[in-house]
Amino acid sequence: MKSFLFLVCRPMGEIADMERHEVLDRGRIDADDLVSCRLDLSGPLPRLDDFSGVIISGSPYNLMTADEAKTPAQVTTEEKLADLCDEILERDIPTLGLCYGLQVLALRAGGSLTRDHAERISAPILSVTEAGRDDPLLAGLWPTFRGYVGHAEAVGRIPESMSVLVTSETAPVQMGKFGTNVYGTQFHPEISREGARFRIGLYGGTYFDPHDYEDVLTECMSAYTEDSILRTFIELYRS
């Protein structure tokens, strides 16, 4: 069986370690079957044919940040991920982009980003669209479910090649699909309740007003969020 490729789009640290653990847990995949590739390091791009599919991590980087304000690590990550996403889209390689991953896929497909649909850390109600109801990755889901979100940027102009599978009142594109096998979520199907608690403790002042800490914590800890999408992706494309 081929492994899955995990493209890491964030600096190493507690969040990166937790994210990989959550992908393994939610995907029900052995550690040896998930090969991590740090995109902030120099070196050749991975050979996508060596893997069953690709998972793109979230990131603290904002793509709309002015070029002169981006760190060298962010520039390297963006450049390498852009090249990989171009190949993914052209060849329709099985992929699941998480938050930042969706945003880069949308940009490379000809869409745009906006800050008009930013969301604080929360667990809003998400709605499956008509296209989503017929998609194998969302088979068996309720018409509405809750998922963890927290982002400054989101898809603005929807590329022609993308269909919207999940939407919400605050962010029209919560999940998209490009071609037959390339997916991206604005929400975080990988984040566990404990993962949400840890991020809330870390990101006050970034993804929510620190004065709202108790409200944010209560909402996120009381929510039952959808946790099957990563597992279904792994099951569909395991080869």
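Touching a residue at least 12 places away in the same chain (Cβ under 8 Å), of a type in the set (Val, Ile, Thr) and over 26 Å from Val155 (Cβ atoms): does that describe Val8?
On the way: touching a residue at least 12 places away in the same chain (Cβ under 8 Å): yes; of a type in the set (Val, Ile, Thr): yes; over 26 Å from Val155 (Cβ atoms): no.
Answer is no for this residue.
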**Request:** State all residues of the stretch 44-76 that are hydroxyl-bearing (Ser, Thr, Tyr) and over 22 Å from Tyr207 (Cα atoms); if no residue qualifies, say none.
**Result:** Ser52, Thr76
**Request:** Look at the stretch 206-229 and say how many of its residues are surrounded by 15 or more Cβ atoms within 10 Å (Cβ to Cβ) and polar (S, T, N, Q).
**Result:** 2
**Request:** State the number of residues belonging to the stretch 182-205 that are in contact (Cβ under 8 Å) with a residue 24 or more places away in the chain, surrounded by fewer than 17 Cβ atoms within 10 Å (Cβ to Cβ) and not charged (D, E, K, R).
**Result:** 2
**Message:** Which residue is nearest to Thr225 (Cα to Cα), if the candidates are limited to the stretch 182-214 and must be of a type in the set (S, T, N, Q) and part of a loop (DSSP other than H, G, I, E, B)?
**Reply:** Ser192
**Prompt:** Does Thr232 fit the bill of being crowded, with 16+ Cβ neighbours inside 10 Å, among the polar types (S, T, N, Q) and in a helix (DSSP H, G or I)?
**Reply:** yes
**Item:** Residues being touching an Asp or Glu at 6+ places or on another chain (Cβ under 9 Å), assigned to a loop (DSSP other than H, G, I, E, B) and crowded, with 16+ Cβ neighbours inside 10 Å - total across the stretch 10-62
**Value:** 8
**Message:** What's the number of the only condition in (1) under 16 Å from the mean Cα position of the chain (by Cα); (2) farther than 22 Å from Ile15 by Cα; (3) of a type in the set (Asp, Glu) that Glu153 fails to meet?
**Reply:** (2)
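All of the numbers you see were taken from the coordinates with simple rules; none came from a lab. Not measured: the values here are computed from a predicted model. Virtual Cβ from ideal backbone geometry, glycine too; neighbours counted across all protein chains shown.
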